[in-house]
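The values are calculated or read from the model by the stated rules, or taken from the named source; none is laboratory data. Only a predicted model underlies this, so the values are computations on that prediction, with no experimental measurement involved. A quick note on method: Cβ atoms are made from the backbone with ideal geometry, for glycine too, and the neighbour counts reach across all protein chains shown. Side chains are part of the model used for accessible areas, which takes the heavy atoms of the whole protein and leaves out ligands, DNA and RNA. Shrake-Rupley method; radii C 1.70, N 1.55, O 1.52, S 1.80 Å.
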Amino acid sequence: MNDFFENMTDGLSEISPKIELPEFNAADALREVRQTAELSQDDSSWLENLFRRITEPVVDVFETTEDGCDTERISPAESTEAGESVKAHDIAEAAGEWHMQEGENACAVCSQQFIINEFLDLDLTEEQLCTLAEANGWFDPEEGTPLSDTGNLLEAFGIDTHVNYEGSIQEIKNTLDQGGRVIVAVDSMALWVDGYGNYPIYGADHAVQVIGIDDSNPQDVRVIINDSGIENGCGRSVPYLEFMESWMPSGGFMVSAFPAD
């Protein structure tokens, strides 16, 4: 494990000094996890795979080429239709469905509400959807929504939904480029406390909707989210590394939702 963490950060030292990188402390955080937790061999392998999957695109974002910076790893793999591009994804439309959650643990319900109302042109309230989810055992006002039940409301309304427990930033980007929406499970503290990497990683305790990825500036890639848990959560722009740190504790859990053809 020691060699693994050291090797994963070696590549950052080879990046052009002209590019200013954000402070990169994810490896330190995972070292702390490894040193303080008793991990079985299977757990260690899972942690290594997770860390590799999340940090490899970070190196590629800032990798220099003859033409500047290569961001291929988080650009669309391919368009679903001729002429389709990331610009076709209307962030403003998704942001228009945002509201701050009323229930303390209703974040996953609200994230699904945003998508249901946008895709189906409905005006369902948080209370209505919480009642429906609770009646079906998908939501507990005291505990929230289990990962395994996130997306059930979308499916109940006939929305094409795909659940992925090991998602990647590329898969988020591809979903958005197809006009879809994404819900991810995150560590709320990693999103709400200023300063990337300055606090321990606790666990995935919150859900947010990802509505866009802005990689127009390779040195300052941003993930655009609808976060119902905070007042300024509508279309909030989050630095790439901070988003990835917040997403990492869930193992990359994501729900993709697609509009009807």
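For SER148, the criteria (1) among the small types (Gly, Ala, Ser); (2) open to solvent by 60 Å² or more (accessible area, probe 1.4 Å); (3) assigned to a loop (DSSP other than H, G, I, E, B) hold in every case but one, which is (3).
The set of residues in the stretch 142-171 that are under 21 Å from TRP247 (Cα atoms) and acidic (Asp, Glu) comprises GLU143, ASP149, GLU166, GLU171.
Residues of the stretch 118-141 being crowded, with 17+ Cβ neighbours inside 10 Å, within 24 Å of the chain's Cα centre (by Cα) and within 18 Å of ALA257 (Cβ to Cβ), which ones?
Residues satisfying the conditions are GLU118, PHE119, GLU126, LEU129, ALA133, TRP138, PHE139.
The set of residues in the stretch 104-132 being farther than 20 Å from GLY233 by Cα and touching a strand residue (DSSP E or B) at 6+ places or on another chain (Cβ under 9 Å) consists of PHE119 alone. Anything in the stretch 151-181 that is more than 16 Å from SER111 (Cβ to Cβ) and in contact with a strand residue (DSSP E or B) (Cβ under 8 Å, 6 or more places away or on another chain)? List them, or say none. Once the filter is applied, which keeps residues that are more than 16 Å from SER111 (Cβ to Cβ) and in contact with a strand residue (DSSP E or B) (Cβ under 8 Å, 6 or more places away or on another chain), the stretch 151-181 yields ASP160, ILE169, GLU171, LYS173, GLN178, GLY179.
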